[in-house]
1. Calculate the spin-label point distance for residue 71 paired with residue 52, positioning each point 7 Å from the Cα along the beta-carbon direction, and give it in nanometres.
2. Can you give the local net charge around residue 39? Use residues other than it whose beta-carbon is closer than 14 angstrom to its beta-carbon, Lys and Arg +1, Asp and Glu -1.
Amino acid sequence: MPLTILFMIAVGIVREAVRGVRRLPARRPRGMCVGCRFVHMQYGATGRNAVFCTFGGVVRLVQIDVLYCTDYLDRNTSARLVRIGFAPEVNGVEVHGDAQASQAMMEGG
């Protein structure tokens, strides 16, 4: 008799645990934009959010959860610095390596 009562209590505990798991809200997958450098996100107090893409200098509303994007750039990577143009000539500075070769080409020699 006591074994039967313990078994019924155990079954009741397991049943309530399973029901509790079923009641948990499903977590929505996060879109790719969350980790992008070009995103502007607005989080509302009600749990809703608005996602905007700023790629190309224009702010555009993103109405879907993005799975893949051709313009994605990870916001946690460092920016790639690219120098464009020529450095001005400075008197008293010695030129070495590739800069010396390019200077010779510009001077015609």
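We did not get these values from a lab; they are worked out from the coordinates using the rules stated. Because the structure is predicted, anything quoted here is derived from the model rather than measured. Virtual Cβ from ideal backbone geometry, glycine too; neighbours counted across all protein chains shown.
1. Calculated label separation equals 1.4 nm.
2. +1
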